Structure formats: C-alpha cells, structure tokens
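The values are calculated or read from the model by the stated rules, or taken from the named source; none is laboratory data. Just so it is clear, the model here is predicted, and its values are computed rather than measured. Don't worry about glycine lacking a Cβ; one is built from the backbone with ideal geometry, like all the others, and counts go over all protein chains shown.
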Amino acid sequence: MRKLLSTLAVVVASLIGLSALTACGSSDASGQTLRVGTLTDAPPSIYLENGQFTGYDNELLRDIAKREGFQVEFVGTEFSGLLAKVASGQLDIGSSTISATTARKKTVAFSNGYDTSYTTVVSKKGANLAEAGAFAGKRLGVVQGSVQDEFAGKLAGAEVVRFPDYNAGFAQLRDGSLDGWVVPKDIGQKYLDQNPTVPLEFGYTVLDKDTPSAYAVAKSNPDLLNKLNDGLSKALADGTVARLHAQFFKQAPVAAELAKGGPGLPVKNA
C-alpha cells in the first residue's frame, strides 16, 4: 500500500507540474498568457499611455492574440537584451519594431512582417546632415543593439553613442550633446510633433523594406510562430492591419503589401 501511495504521489506531482508550466517555452499557446517584451518610449509603434502598453505593434499583437486564442502580458525591457530573453524563453514574444535581419535570425525566428520603415538622422535645424558623407567627427545617438546602431556604424567617421532607450538619446540631442539621433522616421516624427519648440529636422534617410518589422519568437516554438503568422494573415485580409496603421501613423501611407487583402511581407527564417 505504501508503495502504491508513493507511486500515486509521484504521478499527481508530475501532473501538477505539467499544468503549472508557464507559457514561456511552451509549444502550445492556446489559452495561455504569453509574456511580450516591448519598449516604453517609441511612439507611435510602441509606448506607454496612462500605464497601458499600446502603439501600432502592440495593438496589432493584441488583435492577433484574440484571433488565435491566447492572452498577452506586456513587459517593458531594454532593446539590447530583448532577443536574448526571447531566445532563452524568459519572454515569449518580442514586439519592438524589430527588423528581421539576417544576423538576428541566428538568434530567434521572426513572424512575417507587419511594417516597413525609414531610418533617419534627426538633427538640429541647419546641421546639414543630409548626405551619407556628412558625418565625419559627428556624435550620433542610437538605441544599443538596434538596426539604427548598425546603420550609424556604417557612416564614415561618425562617433556612435549608445543608449538603452529613445528618451535618453533624444534628451542629449535636445541639449546639444549629440549632433544627430538615428531612429525610425515614424518615431522621429512623433518626437518632433511632441516638441514643437525644439528646432529639429530630418537629415539623411533611407528606406528599410527588405527587413520589415516582425515579431520575434524562440526558434524552439514553431507553434507560436504559426499562430502569429495565421493571425497576421487574417488581420491583413479583413483590413485590420491597414486600419491600425492609419490610426497610429497618420502621416504615413501603409505599404501596398499591407493594404486590405494585400500579400503581406513574407519573412524567411534561417
């Protein structure tokens, strides 16, 4: 009898352990609450408003989650450590206008793309930073580990200054400690709109369409990746992607691929 009770206890404990597993690292997202790493200061894509994580990226993810039968819990994090946390299972999804680059595909898997963007250099008016060859000896602020970090590193002669978030970089641009601030153009536009008394302008700008913004997941979780792509496909088909884009990006037209019924922006993982 003692042996039987002992065996039953082991079985019950095992079942409890299985039922108590968190979403992180699980292969089935249905009905679970998934932890989403995001930023707090990159409007209109990702930001906090009245204590609520919102923005185009996060509202689209909420819509996808509803369609696919799971919940999302947003967690503010620094961009430099985001992909490592997703890859290790500390976070289930990365939602931070993450460009699906070849280098990043070595660490995580990406959903299909949900946005294209321009990378731009914001500077004080009259700084004359409109050309790629204008940056010798200039101090350029970037978010550490971002595509803009890589972009700035290719500008000949530039001194790249790295920050944990967008607010810190903007503060130094505003007080004159930086010559330029490298950001996605939509984020730069939002800061310009919110600070009309600061004399700022856009300088050197390039279109980034080959590496669209996409959600990051662990390579070991193909079920979640499929759910994200399925939900995104449905949101494209019924025009939700276009509607949310128009809501948050009032001055930028949606890419033709993301219009209602459009083909989307496929991402091929490594």
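Just so you know, in segment 159-172 the residues that are closer than 13 Å to Asp41 by Cα and in contact with a helix residue (DSSP H, G or I) (Cβ under 6 Å, 6 or more places away or on another chain) include one that is surrounded by the fewest Cβ atoms within 10 Å (Cβ to Cβ), and it is Phe163.
Residue-by-condition table, conditions (1) under 29 Å from Gly239 (Cα atoms); (2) surrounded by fewer than 18 Cβ atoms within 10 Å (Cβ to Cβ); (3) out of contact with any Cys (no Cβ under 7 Å at 6 or more places or on another chain); (4) modelled with pLDDT under 95:
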{"position": "Leu18", "(1), (2), (3), (4)": "no, yes, yes, yes"}
{"position": "Ala29", "(1), (2), (3), (4)": "yes, no, yes, yes"}
{"position": "Arg35", "(1), (2), (3), (4)": "yes, no, no, no"}
{"position": "Leu61", "(1), (2), (3), (4)": "yes, no, yes, no"}
{"position": "Phe70", "(1), (2), (3), (4)": "yes, no, yes, no"}
{"position": "Ala109", "(1), (2), (3), (4)": "yes, no, yes, no"}
{"position": "Asn112", "(1), (2), (3), (4)": "yes, no, yes, no"}
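Going by the conditions given, is Leu192 touching a Leu at 6+ places or on another chain (Cβ under 8 Å), surrounded by fewer than 20 Cβ atoms within 10 Å (Cβ to Cβ) and over 14 Å from Leu60 (Cα atoms)? For Leu192, the condition - touching a Leu at 6+ places or on another chain (Cβ under 8 Å), surrounded by fewer than 20 Cβ atoms within 10 Å (Cβ to Cβ) and over 14 Å from Leu60 (Cα atoms) - is met. Checked against (1) part of a strand (DSSP E or B); (2) assigned by TED's automatic domain parsing to the domain that holds Ala237, Val121 passes all but condition (2). There is at least one residue in segment 117-131 that is in contact with a Gly (Cβ under 7 Å, 6 or more places away or on another chain) and of a type in the set (Ser, Thr, Tyr). Looking at this structure, is Gly89 in contact with a Gly (Cβ under 6 Å, 6 or more places away or on another chain) and either polar (S, T, N, Q) or not assigned by TED's automatic domain parsing to the domain that holds Pro199 (or both)? Here the answer is yes, as Gly89 does meet what is asked. Suppose the filter is crowded, with 20+ Cβ neighbours inside 10 Å and not in a strand (DSSP E or B); does Leu129 pass it? Taking the combined requirement at face value, the residue satisfies it. For segment 78-92, name all the residues that are touching a helix residue (DSSP H, G or I) at 6+ places or on another chain (Cβ under 7 Å) and among the aliphatic types (A, V, I, L, M). Leu83, Leu91, listed by residue number. Scanning segment 174-188 for residues that are more than 17 Å from the chain's Cα centre (by Cα) and crowded, with 24+ Cβ neighbours inside 10 Å yields a total of 3. On the stretch given as segment 213-260, residues that are within 30 Å of Gly89 (Cα to Cα) and among the small types (Gly, Ala, Ser) total 8. A single member of Gly180, Gly137 is modelled with pLDDT of 95 or more, touching a Leu at 6+ places or on another chain (Cβ under 8 Å) and outside the structural domain of Gln251 (by TED's automatic domain parsing), and it is Gly180.
Looking only at segment 141-158, decide whether some residue is surrounded by fewer than 17 Cβ atoms within 10 Å (Cβ to Cβ), under 24 Å from Ala252 (Cβ atoms) and touching a helix residue (DSSP H, G or I) at 6+ places or on another chain (Cβ under 6 Å).
Taking segment 141-158 and keeping what is surrounded by fewer than 17 Cβ atoms within 10 Å (Cβ to Cβ), we get 150, 153-154, 156-157.
From what's left, under 24 Å from Ala252 (Cβ atoms): 150.
Imposing the further condition that a residue be touching a helix residue (DSSP H, G or I) at 6+ places or on another chain (Cβ under 6 Å) reduces the set to none.
Within segment 141-158 (the criterion being surrounded by fewer than 17 Cβ atoms within 10 Å (Cβ to Cβ), under 24 Å from Ala252 (Cβ atoms) and touching a helix residue (DSSP H, G or I) at 6+ places or on another chain (Cβ under 6 Å)), the answer is no, since none of the residues qualifies.
Residues are listed down the side, and each one gets a yes or a no for (1) assigned by TED's automatic domain parsing to the domain that holds Leu173; (2) outside any strand (DSSP E or B); (3) free of Cβ contacts under 8 Å to residues at least 60 places away in the same chain:
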| residue | (1), (2), (3) |
| --- | --- |
| Gly203 | yes, no, no |
| Lys219 | no, yes, no |
| Leu228 | no, yes, no |
| Leu232 | no, yes, no |
| Ala242 | no, yes, yes |
| His245 | no, yes, no |
| Val254 | no, yes, yes |
| Ala270 | no, yes, no |
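The number of residues in segment 48-59 being surrounded by fewer than 24 Cβ atoms within 10 Å (Cβ to Cβ) and on the phi > 0 side of the Ramachandran plot comes to 2.
State all residues of segment 53-65 that are part of a helix (DSSP H, G or I) and in contact (Cβ under 8 Å) with a residue 40 or more places away in the chain; if no residue qualifies, say none.
Of all residues in segment 53-65, those part of a helix (DSSP H, G or I) come to 56-65.
Listed by number, the residues that qualify are Tyr56, Asp57, Glu59, Leu60, Leu61, Asp63, Ile64, Ala65.
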